[in-house]
Amino acid sequence: MLTEIRRIGVLTGGGDAPGLNAVIRAVVKAASNSGIDCIGLEDSFDGLIETDRSRMLTPRDVTGILRFGGTILGTTNRGNPFAYPVQTSEGTHDYSDRVVQMFHKMGLDAVIVIGGDGTLAIAQQFCERGIPMVGVPKTIDNDIVGTTTCFGFDTAVAFATDAIDRLHTTAEAHHRIMVVEVMGRHAGWIALHAGVAGGADAILIPEIPFDIEIVAERLLARDRWGAKFSIVVVAEGAYPKGGAVSLIEAAHGAYVARLGGIGAQVCASLGAVTGKETRYVVLGHLQRGGAPTSFDRVLATRFGGKAVELVKCGQFGTMVAFDPPDIRARPLEEVVGKTKTVPKDFDLLLTAKALGVTFGDEQAERPVLRASARVEQV
Ligand code: F6P
C-alpha cells in the first residue's frame with residue numbers, strides 16, 4: 001500500500017552544475033501543486049545532520065531561479081554522512097544514524113537527491129536503510145551511466161566551444177598552437193563535443209592515452225599544407241601513454257584528488273617537439289558557472305517533474321534518466337559505482353578521426369594535402 005506523501009526534502013550534493021536551480025524549482029512547484037510540502041536541505045546531507053540547515057520552500061521561494069547557475073541550497077562534495085570529515089585522528093565519522101533520526105523528526109516522507117555518482121551512491125545506501133529516496137543525476141562531465149545526458153553538460157560544452165572559437169582567432173593570427181584544458185575526470189565527453197564543435201585539430205581524452213609525437217606530427221602536417229596554427233583540446237583526466245593523470249593535489253581522507261596540469265604539460269611538450277610557439281588555457285570552474293542553456297533548463301525541469309512523479313508513485317531507490325525522447329526511472333543500484341566513458345567506436349569519435357582530428361593514438365590515415373595539391377584558380 002502506498003504511503004500518502006505530505007512532505008518531502010530536496011538536496012543538492014557534489015560539485016555544482018548549471019541547471020540545479022531549475023530542478024529545485026520544478027520539484028517545489030510540482031510538489032506544491034500536488035499538495036506536498038517541500039523542505040530545502042542545505043549543503044547536501046548537512047541539512048539532515050544539523051538541525052538548523054533546512055528551510056521550507058514554497059513556489060514563491062523558487063520564482064525566478066530557473067535561469068541561475070549554482071544552487072540556492074548550497075552543496076559540498078565532502079559531506080558523505082557515512083564518512084564525514086572530522087578533525088580527529090580517525091579522520092571521518094559515521095553520521096548516518098543521525099540522518100535517519102532527522103528524517104523522521106522532520107516528518108519527511110521522502111527525499112529527492114540531486115547529485116553525481118558519489119551523492120547518488122549515498123542515496124542508495126540510505127534507501128537500503130529504509131529511507132525513501134529518488135535520485136536526479138547531475139554532472140557537467142556527463143559520465144553517469146543510465147542517462148544519455150545530464151543537465152549542465154550542454155552548458156559546459158557551449159561555454160568551452162565559445163572559448164575555443166575565441167582562441168582560434170588569436171591562434172591563427174600568431175601561427176600558434178593553443179592548448180585548452182577542459183573538465184572531465186574519467187570521461188572525455190566535454191573535450192570530444194567541444195573539440196568537434198570548435199573545430200579542434202587534436203582532442204585528448206582519458207579513454208585514449210596519447211602519444212605526444214603523434215599529436216605533434218599531425219599539427220606539423222597542418223603547417224606543411226598551409227594552416228600554421230592548431231587547436232588542441234585536452235580533458236583534465238587525459239594522460240600520455242605509459243604516464244599518469246596529472247594532479248594538483250592527491251586524494252587524502254575524505255578529499256578526492258584534484259586534477260589539473262595536463263594542459264600545461266601538453267603545451268610544453270608540443271612546443272619542444274614542434275618548435276612552434278604554444279600557449280595554454282585552463283577553463284576550469286568557468287565551465288560550471290553561469291546560466292544554463294535552454295536545453296539544460298528543459299532537461300532539469302523534466303528531471304524535477306519526473307522525480308516528484310516517482311515519489312508520488314512510491315518508486316523509491318530509483319534515478320530519473322534521459323532516454324530520448326523520454327524521461328524514465330532507473331534503479332539506483334544499476335547506476336552507482338560505474339562510469340560512462342566515451343566508447344572507442346562512438347560515432348562522433350570516429351567521425352572526428354575521419355575528418356582528420358587526432359586523438360594521439362594513431363598516425364594519420366588520410367593523405368596529407370600538400371600546398372601544390374591545392375585547386376588552381378581558373
Ligand atoms: O565532476 C565534475 C568536476 O567538474 C570534474 O570535472 C572536476 O575534476 C571536479 O568536478 C572539480 O571539483 P571541485 O569543485 O572540487 O574542484
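The values are calculated or read from the model by the stated rules, or taken from the named source; none is laboratory data. Remember, predicted model here, so these are calculated numbers, not experimental data. Please note: Cβ atoms are built from the backbone with ideal geometry, for glycine as well, and neighbour counts cover all protein chains shown. Quick note on the areas: whole protein, heavy atoms, side chains included, nothing else; ligands and nucleic acids left out. Shrake-Rupley method; radii C 1.70, N 1.55, O 1.52, S 1.80 Å.
Solvent-accessible area of L270, probe 1.4 Å, all protein chains present, reported in Å² to the nearest ten, please.
We get 0 Å² for L270.
Taking K and R as +1 and D and E as -1, what net charge do the other residues with C-beta under 9 Å from the C-beta of R7 add up to?
Computed value for this residue: -1.
Given R₀ = 25 Å, what would the calculated FRET efficiency be for E334 paired with R258, taking r from the Cβ atoms and rounding to 0.05?
Numbers: r = 29 Å, r/R0 = 1.18.
After rounding, the FRET efficiency stands at 0.25.
With no solvent and one equal point scatterer per Cα, compute the Debye intensity ratio I(q)/I(0) for the stretch 270-326 at 0.12, 0.15, 0.17, 0.27 Å⁻¹ and report its log10, rounded to two decimals.
Ignoring solvent entirely, the Cα scatterers give -0.54, -0.66, -0.73, -1.07.
For the chain, what does the relative contact order come out to in percent, with C-alpha contacts under 8 Å and a separation of six or more?
So the answer I get is 21 percent.
Could you please tell me the mean projected area of the C-alpha convex hull for the chain, averaged over all directions and given in square nanometres to one decimal? Walk me through the intermediate numbers first.
Details: hull surface 87.2 nm².
With every direction weighted equally, the projected area is 21.8 nm².
If you fit an axis through the alpha-carbon atoms of helix 212-225 and take the longest principal axis of the Cα set of the chain, what angle between them do you get, 0 to 90°, nearest 10?
Compared with the principal axis, the helix lies near 50 degrees.
Please compute the modelled spin-label separation between L350 and A227, points set 7 Å along Cα→Cβ, answer in nm with one decimal.
Distance between the two pseudo-spin positions: 2.2 nm.
Can you give me the angle between helix 20-33 and the longest principal axis of the chain, using Cα atoms only, in degrees from 0 to 90, rounded to the nearest 10?
30 degrees
State to the nearest 20 debye the size of the charge dipole of the stretch 84-156 about its Cα centre, where the only charges are +1 on K and R beta carbons and -1 on D and E beta carbons. Before the final figure, lay out each step's value.
Numbers: 4 positive and 9 negative charges, 54 e Å.
With only Lys, Arg, Asp and Glu charged at Cβ, the dipole is about 260 debye.
What share of the DSSP beta bridges in the chain is antiparallel, in percent to the nearest 5?
Once the DSSP bridges in the chain are tallied, antiparallel ones form about 30 percent.
Over the alpha-carbon set of the stretch 164-273, work out the extent along each principal axis and list the three values in angstrom, largest first.
51, 26, 21
How much length is gained on full extension from D165 to E249, taking 0.36 nm per residue of separation minus their Cα-Cα distance? Provide the component values of the computation, followed by the final result.
Details: separation 84, 0.36 × 84 = 30.24 nm, distance 3.06 nm.
Gain on stretching D165 to E249: 27.2 nm.
How big, on average over all directions, is the shadow cast by the Cα convex hull of the stretch 155-200, in nm²? Walk me through the intermediate numbers first.
Numbers: hull surface 11.8 nm².
Approximately 3.0 nm², given one-decimal rounding.
Find the accessible area per residue for the stretch 1-79; the probe is 1.4 Å, ligands and nucleic acids are left out, and the unit is Å².
41 Å²
Just need the Rg to Rh number for the stretch 1-145, please, alpha carbons only, Kirkwood Rh.
Details: Rg = 14.7 Å, Rh = 15.3 Å.
My calculation puts Rg/Rh at 0.96.
Tell me the accessible surface of S32 in square angstrom (1.4 angstrom probe, heavy atoms of protein chains only), to the nearest ten.
Surface accessible to solvent at S32 totals approximately 50 Å².
Per q in 0.17, 0.18, 0.20, 0.30 1/Å, what log10 I(q)/I(0) does a Debye calculation on the alpha-carbon atoms of the stretch 4-57 return?
Those come out to -0.53, -0.59, -0.72, -1.17, one per q.
Cut-off 10 angstrom, C-alpha nodes, Gaussian network model of the chain. Which of C267, C38, C150 fluctuates the most?
C267
Hey, can you find the accessible area per residue of the stretch 162-317 for me, probe 1.4 Å, expressed in square angstrom? Walk me through the intermediate numbers first.
Details: 6320 Å² over 156 residues.
The answer is 40 Å² per residue.
Express in nm, to one decimal, how much length is gained between T58 and A291 on full extension, taking 0.36 nm for each residue of separation and deducting their alpha carbon distance.
Numbers: separation 233, 0.36 × 233 = 83.88 nm, distance 2.23 nm.
Taking 0.36 nm per residue and subtracting the Cα distance, the gain is 81.7 nm.
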